[in-house]
Amino acid sequence: MPQKLHKVKTRFAPSPTGFLHIGSARTALFNYLFAKNAEHLGGEGEMILRIEDTDKERSKKEYEDDIIEGLLWLGIGWTGDPSKKLQKKDIGDEINGDIAYQQPYRQSERTDIYKKYLAKMIADGTAYVSKEEPAEAGQRSEVIRLKNQNKKITFHDEIRGDITFDTTELGDFVIAKDPETPLYHLAVVVDDFEMGITHVIRGEDGISNTPRQILIQEAIGAKSPKYAHIPLILAPDKSKLSKRHGAMSINEYRKFGYEKEAMVNFLALMGWSPQSEEGTEKEIYDMEELIPLFDFKKVQKSAAIFNKDKLDSLQNKWFASFNPEERSVKEKGTEFIPLNEMQEKIHESIKSASGYSLKKANDAFASLVYSGGYTYTDTRDKFMSGEIDYIFREPTLDPQKIAWKETPRDKTIEYIKHIEKILATIEQFYNTPIKTALWDYAEKEGRGNILWPMRYALSGQEKSPDPFTLAEILGKEETLRRLKNAEIVLAPH
Ligand code: GLU
């Protein structure tokens, strides 16, 4: 029986000591989906964004920015500190009804709150000031320690079931360096309590933090939230996911041209499966479909494996599913830009080519995927390897290769001239009208005789997309110019 949850408040609580990588983005997504699912079921649901920057040395603004940028890209909204709004102009608007333009909570701005709790704990005797061995002679140092009740603690994990710890081995652990400087566990517990967090959803590596946090909750009289520890993401060889395996910033994927839909889809399926009732093999889900389906019962206990091929396959499917017209509208504001490496490569390729713009390159990219029968990732690889540089630069033609099989050169020149004549009359210079205009002629003369020289003239390659796609990508003028050039190369000198 699905439990009806009336009020769910989750939190995504990254430490800004690194970029928003695959693992943390998935944690954010699960927190978001769970909160939105409660809303879907008729209750209230929200996800808070809290930047855990108590470690001043390692926390960096650039990481916080990267986290925010990544969440906004993925469409994961949050509620933040209502007193501080992000500059709307910097990051846009609401996402999915959430007030994502609120600044996140930052632990570094909440010291006063922690101080109050510490003072109360000391007054209550649940914590005490402890004099430490001086690190250097002449120094006096004090820390604040929790008075550990040394008992067994059992908590229920929504994914893993009951987990029991004997807290004796934790001793009277340090909760603050001094009354002004709380340590991590204290800040987390105070914040979860103050913010009314109902569910803590975090990576499995958080399990070992839980007993300490429960002891602090008991000390301050806070009710424990529910816990759900989600499986780790490992590399295909079951080692720790490293940069080499794809643990780069989510924003790097964006810059590499991945669609946010593909990324959300991919993240959701890492460690969770919708197990559709019909038993179908459905694997394409967007955020709207994920929200009603999300539930801890379908989160696996074993580690999830990062599978880059799966990401690429989802990317290919998502990209292909966009209707080109819709796409051009969608991209009016942002423009479809295969950024970063691809962008650099394209820049390099078009530098020396006249009449080419990045816009044209991007259109070419999209046309290849939509009508060239290439997948997104194939196309990207071809761009990157220079295999389709002929889009930007006129190819050098080998006169031996222009004619189809044994067809004589003079005959081939005639065919090319006739192709030019037909193409010159086409107004809407797109794949289908071009194909329609040429098809009868190609059937009459033999497809090879017409399509082969055309394709070779346009690409200079023995393997390439079909000539109609090439013509569309190159545009009418360039197509006619290349055909003319093929004629010249073929002509007896
Ligand atoms: N700030 C912690 C981290 O980034 C997560 C804390 C939590 O979810 O409890 O690892």
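We did not get these values from a lab; they are worked out from the coordinates using the rules stated. This structure is a prediction, so every number in the text was calculated from the model and none was measured. Cβ sites come from the backbone with ideal geometry, for glycine too, and all protein chains shown count toward neighbours.
Of note:
- Prolate/oblate/rounded label for region 366-442 (Cα gyration tensor, a/c 1.5): oblate
- Seen against the Cα atoms of the chain and their longest principal axis, helix 111-124 is set at about 30 degrees.
- Exposed GluC sites (Glu not before Pro) absent: longest stretch of the chain, with sites in DSSP loops and at most 12 other Cβ within 10 Å deemed exposed: 181-276
- When Val369, Val129 are arranged by Cβ crowding within 10 Å, least crowded first, meaning fewest neighbours, the order is Val129, Val369.
- Inter-site label distance for Tyr441 and Lys476 at 7 Å from Cα along Cβ, in nm: 1.4
- Likely footprinting exposure, His199, His185, fewest C-beta neighbours within 10 Å first: His185, His199
- FRET efficiency, 1/(1 + (r/R0)^6) with R0 22 Å, evaluated for Leu170 and Ser141 via beta carbons: 0.60
- In terms of other Cβ atoms within 10 Å, His40, His156, His493 run from fewest to most in the order His493, His156, His40.
- Angle in degrees between helix 476-490 and the longest Cα principal axis of the chain, rounded to the nearest 10: 50
- Farthest positive-ward along the chain dipole, Cα basis, beta-carbon charges - from Gly271, Thr27, Ile153: Ile153
- Across region 368-493, Cα-Cα pairs more than 22 Å apart make up 31 percent of the total.
- Whole-number percent relative contact order across the chain, with pairs defined as alpha carbons under 8 Å at least 6 apart: 12
- Region 96-203 - Rg and Dmax from Cα coordinates, angstrom: 17.1, 58
- Projected onto its three principal axes, the C-alpha set of the chain covers 101, 59, 43 Å, listed from the longest axis down.
- The calculated FRET efficiency for Arg409 paired with Met384, based on their beta-carbon distance and R0 = 25 Å, is about 0.10.
- Extension gain, Lys7-Glu180: 0.36 nm per intervening residue step, less the Cα-Cα distance, totals 59.0 nm.
- Close amide H contacts of Ile175 (hydrogens built in the peptide plane, cut-off under 5 Å, sequence separation of 5 or more or a different chain): Ile144, Arg145, Leu146.
- Over region 128-259, the pair-distance histogram of Cα-Cα distances with 5 Å bins from zero comes to 2, 9, 14, 16, 15, 12, 11, 10, 7, 3, 1, 0 percent, rounded to whole numbers.
- P(r) of region 8-60 over all Cα-Cα pairs, binned every 10 Å from zero, in whole percent: 27, 41, 24, 7, 1
- Degrees separating the helix 61-74 axis from the principal Cα axis of the chain, which is the longest one: 60
- Percent of Cα pairs exceeding the 20 Å cut-off, where the set is region 232-304: 40
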